[in-house]
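Undergrad: Take this structure, written in structure tokens, and hold onto it; I'll ask about it next.
The values are calculated or read from the model by the stated rules, or taken from the named source; none is laboratory data. Computed from a predicted model, the values in this text were never measured in an experiment. We place every Cβ from the backbone using ideal geometry, glycine too, and count neighbours over all the protein chains shown. Heavy atoms of the whole protein, side chains included, go into the accessibility calculation; ligands, DNA and RNA do not. Shrake-Rupley method; radii C 1.70, N 1.55, O 1.52, S 1.80 Å.
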Amino acid sequence: MLNEHGLYLPDYQKSIVNLISRFLKHFGYHSNHPEFPLEGSFEGFFNGVNKIVIFLVDGMGYNKFIQVNEKLGFENVLKVSSVFPSTTAAAVTSWFTAKTPKEHGLLGYILYLREIGGLANMIEFTYPGIEGNIFSSILKKRLHRIDNVFDQLKEKGLYGGVITHASIANSGLSYLIHKNGHIMGYYYMGDLLATLRKKLSEDWSGILYVYWGHLDGLGHKKGPDSDAYDMEMTRILMELKRFTSESLPHDSLFVITSDHGMIQIPNSNNNFLKPTDSFNRLLSSPPGGEMRMMYFYLLKRSVYDTLKLYFEENYPNSTIFLSNKEALEMELFGPGRTHPELYNRIGDAIMIATKNNAFTYMYSGGEERLAGMHGGLTEEELYVPAVFLRR
């Protein structure tokens, strides 16, 4: 739904949090959030289901899917809201925890963490722009692993697992959100599908996640409006359509979905921000967040208007500013109990890029000029498909 600023706000009645809550309800677990409202044929998809496979194609937005689906013909498709920010760290964590970002506290790609007194890349557990395993080890010691869907399934004697790329199986974000899950790694699509087919042939009841991150990576490089992105999405979906028609057991529900969508950013609209820019004097730390939304950690709250004015004058009609209080009142991060570190992590001012504008902060100086981005509140970024498949 649109607000007065022209932003699409997350719908926390029909979001990924509500959909995973619906899947948990099938196994007798009731989350703290209402289940996604399912009508007609969708209700019947759960009859006789022992296994639910949630195949997460990172970076696959609803509108782009609908365009590709004209050639593929998937029939049972839901339009599902992501969360804010519309980014992997927040949205995938919501998929794995059935919690809103307000509750789970992973509120973006780059966050100020009081636990270490500085910024951290929440996907890789590094300092922004700098690789390093030592930093990752420190974060793993300081941050608590998050209670998740696997804990809930385990309480009822059910299976919970994830198939993810071998290179990220125990790194960064995966380490935080996969606690108590059965982890299986893959290298290529053929390897993934072979592992999935073998797992589905076994006797178990519960939920199996599969994570595919290559489309998101390609979207960042080429942009979601590129032929490459279109062809790659088509290829993935064709593979999954063939797999489910040939290898999906009759007691299994297969759901192809995503965490967020993506928007094309022209080079001229990608604004690079430097540590030497004068607005930095107002901050206690470099900003966090994303290229399509940023968290600003102010030296004192009284400089909020000065920061806002700086961006209005230098980047007119490109941003919307909210205080942390305004964002919480709008329930941008969702309903629920506030995570104890939320205010420390989102800072004092939240900047949301409008239309197809973006802001790349130069933490290290080696930042790339990406063609596709997400994190903001456009329809392209916020809505994802959920395709239901049975045999």
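Undergrad: Just to confirm a number: summing +1 for Lys and Arg and -1 for Asp and Glu over residues other than Asp348 whose beta-carbon lies under 12 angstrom from that of Asp348, what do you get?
TA: Cβ neighbours under 12 Å give a net charge of +3.
Undergrad: Sticking with this structure for a sec: Assuming a ≥ b ≥ c are the square roots of the Cα gyration tensor eigenvalues, decide whether segment 141-288 counts as rounded (a/c under 1.5), prolate (otherwise, with a/b larger than b/c) or oblate.
TA: It comes out oblate by the Cα gyration axes.
Undergrad: Now for a separate question. Enumerate the residues in segment 127-170 having an amide nitrogen under 14 Å from the point lying 7 Å beyond the Cα of Glu341 toward its Cβ.
TA: Inside the label zone: 127, 136-147.
Undergrad: Determine the gain in length on full extension of the stretch Tyr310-Lys79; use 0.36 nm per residue of separation and subtract their C-alpha separation, reporting nm with one decimal.
TA: In short, 79.4 nm is gained.
Undergrad: Using the Cβ atoms and a cut-off under 11 Å, what net charge is assigned to the surroundings of Asn32, where Lys and Arg are +1 and Asp and Glu are -1?
TA: Around Asn32, the charge tally is +1.
Undergrad: Cα atoms only: what Rg and Dmax, in Å, come out for the chain?
TA: 20.3, 62
Undergrad: While we're on this one: Contact order normalised by length for the chain, with contacts defined as Cα pairs under 8 Å and 6 or more residues apart; what percent is it?
TA: 28 percent
Undergrad: Under a point spin-label approximation (7 Å from Cα along Cα-to-Cβ), what is the Ser41-Asn170 distance to one decimal in nm?
TA: So the label points at Ser41 and Asn170 sit 4.4 nm apart.
Undergrad: Return one number: the angle in degrees, 0 to 90 and rounded to the nearest 10, between the long axis of the Cα atoms of helix 88-97 and the longest principal axis of the Cα atoms of the chain.
TA: That works out to roughly 40 degrees.
Undergrad: Moving to a separate point now. Past the 26 Å Cα-Cα mark, which pairs from Lys71/Lys221; Lys199/Lys221; Lys51/Lys102; Lys99/Lys179; Lys79/Lys198; Lys325/Lys355?
TA: Over 26 Å Cα-Cα: Lys199/Lys221; Lys51/Lys102; Lys79/Lys198.
Undergrad: A further question on this structure: So with the 1.4 Å probe, I'd like the accessible area per residue for the chain, rounded to whole Å².
TA: With the other protein chains kept in place, the chain gives 41 Å² per residue.
Undergrad: In the calculated pair distance distribution of segment 292-391, what percentage of Cα-Cα distances lie above 24 Å?
TA: For segment 292-391, the share of Cα pairs beyond 24 Å comes to 34 percent.
Undergrad: At a 1.4 Å probe, what is the % contribution of carbon and sulfur to the accessible area of the chain?
TA: Ligands and nucleic acids excluded, carbon and sulfur give 48 percent.
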